[in-house]
Amino acid sequence: MTIAEGTLTDLLTDVRRVASERLAPIAHAGTDGRVNRDLLRALSTEGVLGMLFPGHGTDGAQTTAETICLLREALAYGCVEAEVALAMQGIGGYPVLQSGQRHHLDRWLGPLREGTAVAAFALTEPDAGSGAAALRLEAVADGDGWRLHGTKMWTTNAPDADFYTTFARTTQGAGARGVTAFLVPADSPGLKATSVELFAPHPIGRLDFDSVRVTRADVLGEVDRGFRVAMKTFDLFRPSVGAAAVGMAQAALDAAVRHTSQRQAFGQALGRQQAVAHALSDAATKLEASRLLVRAAAAAHDSGDGRVTAKSAMAKLFATESAQQVIDTAFQFHGASGLRAGHLLEGLYREIRASRIFEGASEIQRDIIARDLYRDTPIGRRAGGTAKAAELSATGAN
């Protein structure tokens with residue numbers, strides 16, 4: 001492990017350094033829209049995956065939301081591709097770690113930690129994005145198991161993953177309570193995975209299931225309780241979406257401060273112009289508020305706070321929306337230079353846009369927050385209160 005043990009500040013600094021000096025060159029050598037296995041192995045070699053999956057051997061030790069937030073913020077600052085790779089490995093792998101059977105842990109946990117196996121998370125469908133109750137991938141009973149029929153869309157790490165954490169409907173008409181989570185190996189007969197080209201070059205794809213066979217040995221958690229599997233992972237990872245946005249925004253702000261301190265216009269540095277200085281001051285304030293919200297949400301998860309879903313929604317909403325504004329401001333003050341292909345701001349501008357959609361769009365986060373506000377009122381109880389908010393929170397492009 002090359003990242004030094006120490007304070008949380010030390011961790012943030014060390015991971016930033018590793019990301020920019022060691023991971024970025026490997027990331028840049030990869031292919032847009034496809035899994036970079038060299039990058040995943042490097043994340044393991046540098047000790048980052050070991051912090052995400054902290055156990056030894058095949059024990060089920062889990063990390064904290066605080067650690068995930070620090071890792072994603074630091075990686076996003078130094079190498080966004082590495083942050084995306086870590087997040088997708090975590091989202092796909094944690095359902096196995098948290099809810100897998102012993103043979104799942106024996107088979108997959110070591111390779112996940114070593115970066116030699118690629119995990120994926122398949123929840124969203126073409127017609128089911130912002131509500132788990134609408135999932136239609138059908139699991140038809142077949143002897144001691146099921147046959148999966150249907151399509152998943154916006155699946156992380158497709159088509160290059162080694163297995164897909166897949167959510168299918170095992171009981172019709174039961175809403176979120178009729179969904180089961182399965183571990184589906186990528187080489188399963190009848191499974192076809194194809195790549196989807198995105199605005200930001202993330203490895204995302206489509207899965208088509210044509211009578212894919214699964215059994216009880218493939219179930220993660222309990223039959224018809226797969227929604228719980230998804231929620232455990234989302235509650236852990238959602239604050240860190242905001243953390244990644246903070247990391248990207250900090251990189252943009254730092255670049256803007258450097259640029260405006262040197263760029264001369266009208267006889268003085270841009271940074272001496274009040275309009276520029278005040279805009280960057282506002283950006284810095286939003287960024288610091290975002291960081292505090294993210295860390296508060298992570299602390300809420302790690303302490304078992306019952307309002308973690310709402311607090312995570314607040315952190316994701318504010319941090320991602322603010323980061324978009326911070327990066328846009330930094331872009332504006334770079335002028336035409338920021339428009340060059342390959343410029344830091346050009347890349348961050350494309351990357352940040354997805355964060356306002358993935359793991360629940362900003363509008364869904366507002367719904368979750370509103371339901372929490374009204375949960376003890378008559379309208380909140382009629383709407384289903386926190387249960388409905390939780391159902392909404394396990395959504396988005398995954």
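Ignoring lysines fewer than eight residues from Lys152 along the same chain, the ones with Cα atoms less than 28 angstrom from its Cα are Lys192, Lys232, Lys316, Lys388. Temperature 37 °C, viscosity 0.692 mPa s: under these conditions the Stokes-Einstein estimate for segment 1-130, based on its Kirkwood radius over C-alpha pairs, is 218 µm² per second.
What FRET efficiency comes out for Ala296 versus Arg41 if R0 is 35 angstrom and r is the Cβ-Cβ distance? Round to the nearest 0.05. Result of the calculation: an efficiency of 0.55. In this simple spin-label approximation, Arg102 and Thr9 carry label points 7 Å from Cα along the Cα→Cβ vector, and these lie 4.7 nm apart. Close amide H contacts of Ser188 (hydrogens built in the peptide plane, cut-off under 5 Å, sequence separation of 5 or more or a different chain): none are found. The charge dipole of segment 8-117, taken about its Cα centre with unit charges on the Cβ atoms of Lys, Arg (+1), Asp and Glu (-1) only, comes to about 280 debye. Our summary gives the chain a relative contact order of 16 percent, counting only alpha carbon pairs under 8 angstrom and 6 or more residues apart.
Extension gain for Ile357-Asp210 works out to 50.1 nm (0.36 nm per residue, less the C-alpha to C-alpha distance). When each full DSSP H helix of the chain is screened for a Cα extent of at least 27 Å along its own axis and an average Kyte-Doolittle hydropathy of at least -1.0, the helices passing are 80-99, 226-262, 274-303, 308-334. For segment 167-208, averaging the sequence separation of C-alpha pairs within contact (under 8 Å, six or more residues apart) and dividing by the residue count gives a relative contact order of 27 percent. With kT/(6 pi eta Rh) evaluated at 4 °C and eta = 1.567 mPa s, and Rh the Kirkwood radius from Cα pairs, segment 278-342 diffuses with a coefficient of 99 µm²/s according to Stokes-Einstein. Taken over the Cα atoms of segment 121-224, the convex hull encloses 89 Å³ per residue.
Ranked by how many other Cβ atoms sit within 10 Å of their own Cβ, fewest first, the residues Glu363, Glu83, Glu66 fall in the order Glu363, Glu66, Glu83. Summing charges over neighbours of Arg17, with a neighbour being any other residue whose Cβ is under 13 Å away from its Cβ, gives -2 when K and R count +1 and D and E count -1. Across all directions, the shadow cast by the convex hull of segment 245-297 built on its C-alpha atoms averages 3.5 square nanometres. One way to sum up the overall shape of the chain is the equivalent ellipsoid from its Cα gyration tensor, whose semi-axes run 36, 24, 19 Å, largest first. The label point for Ala341 and the one for Glu138, both projected 7 Å from the Cα toward the Cβ, are 4.6 nm apart. Here the simple spin-label model places points 7 Å from the Cα toward Cβ, and for Val223 and Asp282 these points are separated by 5.8 nm.
Extension gain, Arg307 to Thr116: 0.36 nm times the residue separation minus the Cα-Cα distance gives 65.1 nm.
Report summary: the helix-based calculation at 222 nm, which adds -39500 (n - 2.57) for every DSSP H run with n ≥ 4 and divides by the residues of the chain, gives -17500 deg cm²/dmol.
Put simply, the convex hull of the Cα atoms in segment 227-393 casts, on average, a shadow of 10.9 nm². Dipole magnitude for segment 227-393: about 160 debye, using +1 per Lys or Arg Cβ and -1 per Asp or Glu Cβ, origin at the Cα centre. Net charge in the neighbourhood of Arg136 (other residues with Cβ under 11 Å of its Cβ; Lys, Arg +1, Asp, Glu -1) is -1.
Neighbour counts of other Cβ atoms within 10 Å put Thr31, Thr309, Thr64, Thr156 in the fewest-to-most order Thr31, Thr64, Thr309, Thr156.
Projecting the Cα atoms of Val219, Val140, Ala193 onto the dipole axis of segment 121-224, where Lys and Arg carry +1 and Asp and Glu carry -1 at the beta carbon, places Val140 farthest toward the positive end. Using the average count of surrounding beta-carbon atoms within 10 Å as a protection proxy, the listed peptides 108-114, 158-164, 148-154 rank, highest first, as 158-164, 148-154, 108-114. Fewest-first ordering of Lys232, Lys311 by other beta carbons within 10 Å of each residue's beta carbon gives Lys232, Lys311.
Each part gets one Cα centre, and for segment 310-358 versus segment 201-232 those centres are 31 Å apart. Using the average count of surrounding beta-carbon atoms within 10 Å as a protection proxy, the listed peptides 185-193, 326-334 rank, highest first, as 326-334, 185-193.
Throughout, read-outs are computed from the coordinates displayed, never taken from laboratory work. Just so it is clear, the model here is predicted, and its values are computed rather than measured. Because the Cβ atoms are built from the backbone with ideal geometry, glycine has one as well, and the counts that use them run over all protein chains shown.
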